[in-house]
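Report on the following structure.
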Amino acid sequence: MIRLGVNIDHIASIRNLRKGDFPDPVYAAEIVEDAGADSITVHLREDRRHINEKDVKQLKDIIRTRLNLEMSVAPEIVGFAKKINPDSVCLVPEKRQELTTEGGLDIIKNRLKIQRVVNELKSSGKTCTFVSIFINPDFKQIKAAKEVGADFVELHTGRYADAKSEVERKKELRKIQIASDAVLEMGLGLNAGHGLDYNNVGEIVKIRGVQELNIGYSIICRAVFVGLFNAVKEMKKLLKAGDRG
């Protein structure tokens, strides 16, 4: 069955609106795991708009599944990752003014910097189990991910999720399907995420070789109405129903 990684960044976003301690993302992680999540994902942004270092340290200590740290290639963040030793990291692009990640990391344009970061994260053999790179479903970017030493790629599903018509949606889905085949042919692990929700995740679950989907915003939104435990349970049920095995 495809694994579900739950991104809990927006629990911290709500907390930070009042600059207080509640709701606690660490407590949220416990609920998410109890509901069946296979990993906890957090994005430690350079602007610290939601998750902060204290959150990550506490999560590392208490979670029972896996801690997946999304991060930019900024030296400060890389240094922190080396100290905290997450189970996996996912390198993502980051812009200060964006509402959310707007696309995949351009490995080709930033090859030397990304290569250096991948080598640094993997050099000690203990910083993390896997290094993934969040990329658009593009063959050249997949090839570059392989060349810089990534273990996984996470395909950006945002354009599929945000499609305004059925024709556009099918076009973007086809790109993801073709890219997924290329990832598998190159011997890389395959994850996917961004913009996925209870209405559109079904087609992504059917794609051959996908190991894990990272989903956050839609689960937190659903939790407002049904509770966090049930929101995760509902998403897990959709992953199970759509999985071709």
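The values are calculated or read from the model by the stated rules, or taken from the named source; none is laboratory data. Quick caveat: nothing in here was measured; it's all calculated off a predicted structure. Cβ coordinates were reconstructed from backbone atoms using ideal geometry, including for glycine residues, and neighbour counts include every protein chain displayed.
Values computed for the structure shown
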read-out: Elements of type helices (runs of 4 or more DSSP H) in the stretch 1-106, at least 2 residues being touching a Ser or Thr at 6+ places or on another chain (Cβ under 8 Å); value: 75-84
read-out: Criterion: out of contact with any Pro (no Cβ under 9 Å at 6 or more places or on another chain) and in a loop (DSSP other than H, G, I, E, B) - qualifying residue of Gly202, Gly187; value: Gly187
read-out: Members of the stretch 194-217 that are surrounded by fewer than 19 Cβ atoms within 10 Å (Cβ to Cβ) and in contact with a Leu (Cβ under 8 Å, 6 or more places away or on another chain); value: Tyr198, Gly202, Glu203, Arg208, Gly209, Gln211
read-out: Residues that are touching a residue at least 12 places away in the same chain (Cβ under 8 Å) and either polar (S, T, N, Q) or within 19 Å of Ser180 (Cβ to Cβ) (or both), drawn from the stretch 106-130; value: Ile107, Asn110, Gln115, Asn119, Ser124, Thr127, Thr129, Phe130
read-out: Residue count, the stretch 121-152 (criterion: surrounded by fewer than 18 Cβ atoms within 10 Å (Cβ to Cβ), part of a helix (DSSP H, G or I) and of a type in the set (S, T, N, Q)); value: 1
read-out: Members of the stretch 153-180 that are out of contact with any helix residue (DSSP H, G or I) (no Cβ under 7 Å at 6 or more places or on another chain), surrounded by 14 or more Cβ atoms within 10 Å (Cβ to Cβ) and closer than 15 Å to Ile207 by Cβ; value: Glu154, His156, Ala161, Lys175, Gln177, Ser180
read-out: Residues that are closer than 19 Å to Gln177 by Cα and under 14 Å from the mean Cα position of the chain (by Cα), drawn from the stretch 198-245; value: Val210, Gln211, Glu212, Leu213, Asn214, Ile215
read-out: Residues satisfying the stated conditions in the stretch 107-120, i.e. basic (Lys, Arg) and outside any loop (DSSP other than H, G, I, E, B); value: Arg111, Lys113, Arg116
read-out: Filter result (among the aromatic types (Phe, Trp, Tyr) and at pLDDT 95 or above) within the stretch 127-153; value: Phe134, Phe139, Phe152
read-out: Asn136 vs. criteria at negative phi and within 15 Å of the chain's Cα centre (by Cα); value: yes
read-out: Test for Gly195: is it under 24 Å from Ile11 (Cβ atoms) and of a type in the set (Gly, Ala, Ser); value: yes
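Condition check ((1) under 27 Å from Thr157 (Cβ atoms); (2) modelled with pLDDT of 95 or more) across all residues:
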position	(1), (2)
Ile11	yes, yes
Lys19	no, no
Glu46	yes, no
Lys83	no, no
